[in-house]
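The values are calculated or read from the model by the stated rules, or taken from the named source; none is laboratory data. All of these numbers come straight from a predicted model, not from anything done at the bench. Positions of Cβ are backbone-derived with ideal geometry, glycine not excepted, and every protein chain shown enters the neighbour counts. The accessibility values were calculated without ligands, DNA or RNA, using every heavy atom of the protein model including side chains. Shrake-Rupley method; radii C 1.70, N 1.55, O 1.52, S 1.80 Å.
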Amino acid sequence: MSYTKRQLILGALAEIGLSSYSFDLSADQIEQALGRLDALIASWGARGIRLGYPLPDSPEKSDAYQETGLPDWAWDAVITNLAIRLAPAYGKVVPPETKSSAREAFNSLLARFARPEEIKLDALPAGAGHKGAEAPFLERSADSIDAGPDGGIDFN
């Protein structure tokens, strides 16, 4: 079971000192926070961080009681970073501990999604064994075997 969008919002508000037992949210405040949550996840998606969060087609279609499908290792990053985005709307100053936690959690997300850039080599590097070679790359041989479903290889 995953967090609902509303639970993430309540967690973020608690992070900045607006606990649900002492602060009643109006429907407009939930809708506004829901928009900020969707925008946060969308901005991360643009950076290549795909968490499985169900982004709506439009702000009107976002449902606060919808499960997010976020993995458990992403909860802290979403809650603390959302708290930083929501704090100014409530006149709150974000505690340094929350900022530090948000930075660490986001860096963990970045590390999880970091991939080296893929490049295509036309030839293989010659390596240390080819010290006197003129070219630093070994060219692909012209007589490679190409076989597919209609290939001409017979194993009889």
Within region 44-80, the residues that are assigned to a helix (DSSP H, G or I) and either of a type in the set (Phe, Trp, Tyr) or open to solvent by less than 30 Å² (accessible area, probe 1.4 Å) (or both) are Trp44, Gly45, Trp73, Ala74, Trp75, Ala77, Val78, Ile79, Thr80
Of the residues that make up region 113-134, is at least one outside any loop (DSSP other than H, G, I, E, B), within 26 Å of Arg50 (Cα to Cα) and at pLDDT below 90? yes
Quick check, is Leu86 in contact (Cβ under 8 Å) with a residue 12 or more places away in the chain, outside any helix (DSSP H, G or I) and of a type in the set (A, V, I, L, M, F, W, C)? no
Just checking, how many residues over region 90-100 are farther than 19 Å from Ser43 by Cα and either assigned to a helix (DSSP H, G or I) or open to solvent by less than 30 Å² (accessible area, probe 1.4 Å) (or both)? 6
